[in-house]
Structure formats: structure tokens, C-alpha cells
Amino acid sequence: MIPTPNLSHLTRKDYEHVYEPAEDTFLLLDALEADKDFLRRRNPRICLEIGSGSGCVSAFLGAVVGQNNSLYCCTDINPHASLATQATGQQNNANDHRRYRCLGLVDILIFNPPYVPTEVEEFTLGQQQVDISGAWAGGNDGMNVTEHLLRQVKALLSPSGCFYLVAVSQNKPVEIMQRMEQEYGLLSKTVLSRRAGREHLHVLRFQVQE
Ligand SMILES: C[S@@+](CC[C@H](N)C(=O)[O-])C[C@H]1O[C@@H](n2cnc3c(N)ncnc32)[C@H](O)[C@@H]1O
């Protein structure tokens with residue numbers, strides 16, 4: 001069993017501004033661990049996480065696929081989260097996080113998005129305030145931010161690339177998978193699903209080729 005990354009450097013105060021790892025995060029870690037042979041076989045060089053929050057997921061991915069040959073890049077709309085991610089990378093001996101031009105180069109792409117369906121106003125405010133509320137407010141069907149990324153996934157992925165997406169049932173995961181195949185030829189499967197309180201969470205995996 002791969003241990004959860006050490007987040008002891010993050011405090012209650014940090015979690016006032018940064019998404020604290022929760023059920024969705026841990027389902028994503030479990031999905032990555034379940035896929036560890038698949039991921040290691042791909043020998044990824046560039047891994048990109050969008051919305052990295054605490055940095056827990058990328059630090060875990062580093063433990064799954066190894067630190068030697070891979071570069072881990074993380075982005076987040078929230079500057080508090082970017083700082084937390086950087087500190088988690090250092091705490092867990094992960095590589096520096098840098099911004100790269102990534103078109104066609106990303107071997108593993110990950111997004112645990114703000115997926116909760118909300119009024120458009122709440123979504124817009126969350127994105128504008130770039131603070132903790134932007135971590136969950138997802139607008140219509142909870143898909144506003146995700147839709148933006150879905151249009152770019154195929155262009156970002158390398159020929160052997162894959163993409164992990166967290167979704168709840170209200171996001172209509174089956175429709176997402178059908179659409180990504182019809183529009184971009186991406187193959188997909190549900191790696192894990194789990195009920196967490198009122199949420200029914202799914203981790204979907206998309207790939208360019210078998
Ligand atoms: C549900 S949290 C997930 C955090 C972390 N990856 C995890 O699994 O614990 C969603 C993250 O996406 C970030 N986010 C929201 N809108 C974004 C956007 N437009 N671009 C990049 N990141 C965004 C939030 O700041 C937050 O850190």
C-alpha cells in the first residue's frame with residue numbers, strides 16, 4: 001500500500017484558503033494506486049495536475065510512478081493552493097513545479113475539479129475570488145470548469161497519454177465519456193466509484209490509445 005503524502009506542514013489556517021483533501025481526493029488516490037501497473041508501464045515523462053490544491057494528488061502520483069524520469073507540473077487558480085502544492089512537493093521530495101508549454105506532451109493529466117452544481121453567480125464568484133469557494137462551485141451541472149478543460153484534453157495528451165477526471169453523478173459521467181469518444185476519439189473507463197455521504201463519486205480515465 002502506498003502511503004498518503006505527508007501534509008503535516010499544512011495547518012488549519014492553510015485550509016481556510018486551500019481545499020483540504022477529502023473523500024474525492026482519497027478516491028482519486030485509490031484510483032491511481034489501482035492503476036499503478038498501467039501507469040508505470042506508460043513510463044510517463046510529463047505529469048500535469050490542474051487544480052492541485054494541497055498538492056496531495058501529485059505527491060502521491062510521484063510515489064506511484066517514481067520521481068526519477070518524470071516532471072510533475074501543477075496549476076491552480078488559487079495562489080494559496082499553488083504555494084501549498086509547492087511546499088507539499090518539497091516535503092515529499094517531489095520535483096520543482098514549473099510552468100511548461102505542454103501541448104501534445106502530457107503523459108498523465110489529472111483534474112479533480114470544482115464539480116458541485118451551483119447557481120452561476122456562486123460559480124462566477126468562486127472563480128473571481130480565487131480562494132476556497134472556487135474549490136467546489138461548479139456552476140451548471142457542476143461542469144463549467146470541467147467543460148473548459150475537456151475541450152483541451154486531446155490536444156494536451158501525448159500519443160500514449162491518459163487523463164483522470166473526478167466527477168459526481170450530477171456531472172453525467174456516462175455522457176462525458178460518450179462525448180469524449182465521439183468528439184475526440186478518446187477511449188474511457190470508470191476506474192473507481194464510491195458513495196460519500198450525499199455524493200456519488202467517480203474517477204474516469206481517458207486515453208488516446210489502448
Ligand atoms: C475539488 S478541489 C481539488 C484539490 C486537490 N486536487 C485535491 O484533489 O484535493 C478543486 C481545485 O481546483 C482549483 N480550481 C478551481 N477552478 C480552477 C480553474 N479555473 N483553473 C485551475 N484550478 C481551478 C481550486 O482552487 C481547487 O484547488
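The values are calculated or read from the model by the stated rules, or taken from the named source; none is laboratory data. Values in this document were obtained by computation on a predicted structure and should not be read as measured data. Here the Cβ is made from the backbone with ideal geometry for all residues, glycine too, and neighbour counts use every protein chain on show.
Contact map, the range 114-142: first residue in a strand (DSSP E or B), second residue more than 8 Å from the ligand (Cβ to nearest atom) and polar (S, T, N, Q), Cβ cut-off under 7 Å, separation 6 or more or different chains; pairs are 137/118. Of the numbered criteria (1) surrounded by 15 or more Cβ atoms within 10 Å (Cβ to Cβ); (2) touching a residue at least 24 places away in the same chain (Cβ under 8 Å); (3) assigned to a strand (DSSP E or B), the one residue 188 fails is (2).
Based on what the data block shows, is residue 63 closer than 19 Å to residue 33 by Cα, more than 13 Å from the ligand (Cβ to nearest atom), among the aliphatic types (A, V, I, L, M) and part of a helix (DSSP H, G or I)? Against the criterion (closer than 19 Å to residue 33 by Cα, more than 13 Å from the ligand (Cβ to nearest atom), among the aliphatic types (A, V, I, L, M) and part of a helix (DSSP H, G or I)), residue 63 qualifies. All conditions but one from (1) assigned to a helix (DSSP H, G or I); (2) touching a residue at least 24 places away in the same chain (Cβ under 8 Å); (3) aliphatic (A, V, I, L, M) apply to residue 201; the one that does not is (1).
Tell me whether the range 81-102 contains one or more residues that are part of a strand (DSSP E or B), modelled with pLDDT under 95 and surrounded by 17 or more Cβ atoms within 10 Å (Cβ to Cβ). First the steps, then the outcome.
Restricting attention to the range 81-102, the residues satisfying the condition of being part of a strand (DSSP E or B) are none.
Checked the range 81-102: no residue is part of a strand (DSSP E or B), modelled with pLDDT under 95 and surrounded by 17 or more Cβ atoms within 10 Å (Cβ to Cβ).
Just a yes or no: is a residue in the range 91-113 at positive phi and either free of Cβ contacts under 8 Å to residues at least 40 places away in the same chain or among the basic types (Lys, Arg) (or both)? Checking the range 91-113: at least one residue is at positive phi and either free of Cβ contacts under 8 Å to residues at least 40 places away in the same chain or among the basic types (Lys, Arg) (or both). The condition (being modelled with pLDDT of 95 or more and within 15 Å of the ligand (Cβ to nearest atom)) is satisfied by just one residue among 185, 142: 142. In the condition set (1) within 14 Å of the ligand (Cβ to nearest atom); (2) closer than 18 Å to residue 204 by Cβ; (3) crowded, with 17+ Cβ neighbours inside 10 Å, residue 177 is compliant with all but (1). Beta carbons closer than 6 Å, at least 6 apart along the sequence or on distinct chains, pair a first residue in the range 30-56 that is assigned to a loop (DSSP other than H, G, I, E, B) with a second that is of a type in the set (Asp, Glu) and within 16 Å of the ligand (Cβ to nearest atom) for 51/76; 52/76.
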